[in-house]
Amino acid sequence: MTKTHSIPRLAITQGDPAGIGSEVILKSLANPQLHKNCHLVVVGNRDLLTRTYENLTSVTEKTDPLLPHPRQLDIINVDLPSLTDIIPGVGNQASGAASFAYMERAIAQTLAGEFDGIVTAPIAKSAWKAAGHDYPGQTELLAQRSGIDRFGMLFVGRSPFTGWTLRTLLATTHIPINQVCQTLTGELLTGKLDLLEECLARDFGIKTAKIVIAGLNPHSGEMGQLGTEEIDWLIPWLQREREKRPHLQLEGPIPPDTMWVKPGQAWYGHSLVTNPADGYLALYHDQGLIPVKLMAFDRAVNTTIGLPFVRTSPDHGTAFDIVGKGIADGTSMQAAIELAIDLVNQRLASSRQIE
């Protein structure tokens, strides 16, 4: 990012073309304010976007008059061998190859300096695998292509009731539950805490953050009665981190079933909540994402931290079961674009101050 441009330049990948990516992109881009605040370029296939546009105008009783026709959009067109192999609602080898190609193009042009960030529509991991691309998800591809091994999945949601922002980082992501205990180590958590501290300072301007760390076992082990991980290493690790980071307020390990009470109160505007945390560190996928999706399913944004550029994504999947019905909600995609704009602006402002 340099000072040669004043507004964010964002690439929006189309995602799996058999899913709802095209629909939520078109619906989110019906918001004219987004186009005023950044330069948006869709990386995908124009013909498939046009197919979705025509379907939306035919299946919905009241089409948004601002819904953009693909010919009105800036599109980096990625040609596909055969559009007939793309079957709406069915993820397959062809749709996986297409979504992977969109990602590779967006990453390459972003690393070349043409974009400040990428907003990714959902993909189907099974379709990627069918196409010969064996990655746990888009996050890992982004990290590999960027040449980094320090990265994390941060989920961000802004409450429509209070304006409070929920930020939840996952210590482990797409692994089976029976591998969580073997994967979690003090070294791993230190790396995730480093990333969260850096992200809060650089992207949100919070330099003296309050961060809550979850326990692993029910009741955080209850003094070893319900699991010994807390006593064996998690509590000693946290004490060392407090000594290393006196400028941070580190709380934990908080029992997983009660850790989300204050965030819920802050989200919905409960009068008794005081001083909610700036960030939450969950130890495994569902421990962090069940509460996030319960509170903010249509507003949460998946943000990859640690990359040399901004990456956001709506916190939902391809929703193959509703493709073509015109009922997909574009709110999370719009939130992903809005957050990407905010994060890029924060970074651009910081770079100007340094210069």
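Remarks
- The alpha-carbon of residue 207 sits under 28 angstrom from the alpha-carbons of these lysines, leaving out residues fewer than 8 places away in its chain: 3, 192, 244, 262, 293.
- The Rg/Rh ratio for the stretch 58-124 is 1.02, where Rg is the radius of gyration of the alpha carbons and Rh is the Kirkwood radius.
- In the stretch 216-355, the ratio of gyration radius to Kirkwood radius, Rg to Rh, stands at 1.03 when only Cα atoms are counted.
- Residue-level accessible surface for residue 329, protein heavy atoms, 1.4 Å, Å²: 80 Å²
- For the stretch 149-305, a/c is less than 1.5, where a ≥ b ≥ c are the root eigenvalues of the C-alpha gyration tensor. That puts it in the rounded class.
- The chain: angle of helix 235-244 to the longest principal axis, Cα-based, in degrees nearest 10: 80 degrees
- Remark on the stretch 190-230: hydrodynamic radius 11.9 angstrom, per the Kirkwood mean of 1/r across alpha carbon pairs.
- In this structure the stretch 149-305 gives 46 Å² per residue of accessible area when probed at 1.4 Å with all protein chains present.
- Per residue, in Å², the accessible surface of the stretch 37-139 once ligands and nucleic acids are set aside, probe 1.4 Å: 47 Å²
- Between 0 and 90°, nearest 10: helix 331-354 axis offset from the chain longest Cα axis: 70 degrees
- Here the contact order of the stretch 149-305, divided by its residue count and restricted to Cα pairs under 8 Å and six or more residues apart, works out to 38 percent.
- The helix-based estimate of mean residue ellipticity at 222 nm for the chain, built from -39,500 (n - 2.57) per DSSP H run of four or more residues and divided by its residue count, is -12000 deg cm²/dmol to the nearest 500.
- Counting only Cα atoms, the size of the stretch 15-105 along its three principal axes is 36, 31, 17 Å, in decreasing order.
- Carbon plus sulfur fraction of accessible area for the chain, probe 1.4 Å, in percent: 52 percent
- For the chain, the longest principal axis of the C-alpha atoms and the axis of helix 93-111 are separated by about 70°.
- Result for the chain in a Gaussian network model with C-alpha springs under 10 Å: among 122, 32, 136, the largest mean-square fluctuation is at 32.
- About the centre of its Cα atoms, the stretch 149-305 shows a dipole size close to 540 debye [charges on the beta carbon of Lys, Arg (+1) and Asp, Glu (-1) only; nearest 20 debye].
- Theoretical gain in end-to-end length, residue 270 to residue 33 [0.36 nm per residue, Cα-Cα removed]: 82.2 nm
- Diffusion coefficient (Stokes-Einstein, Kirkwood radius over C-alpha pairs, 4 °C, 1.567 mPa s) for the stretch 295-355: 98 µm²/s, rounded to a whole number.
- Cα gyration tensor shape of the stretch 121-167, rounded if a/c is under 1.5, else prolate or oblate by comparing a/b with b/c: oblate
- Candidate aspartates and glutamates for bridging to residue 125, where Cα separation is under 19 Å - those fewer than 8 sequence places away on the same chain excluded: 16, 85, 104, 134, 140, 286, 315, 321
- Prolate/oblate/rounded call for the chain, Cα gyration tensor, a/c under 1.5 rounded: prolate
- Dipole magnitude for the chain: computed about the Cα centre from +1 point charges on Lys and Arg Cβ and -1 point charges on Asp and Glu Cβ, it is near 800 debye.
The values are calculated or read from the model by the stated rules, or taken from the named source; none is laboratory data. Just so it is clear, the structure is predicted and the values come from calculations on it, not from any experiment. In this analysis, Cβ positions are derived from the backbone assuming ideal geometry, glycine residues included, and neighbour counts consider all displayed protein chains. Only protein heavy atoms, including side chains, enter the accessible area calculation; ligands, DNA and RNA are left aside. Shrake-Rupley method; radii C 1.70, N 1.55, O 1.52, S 1.80 Å.
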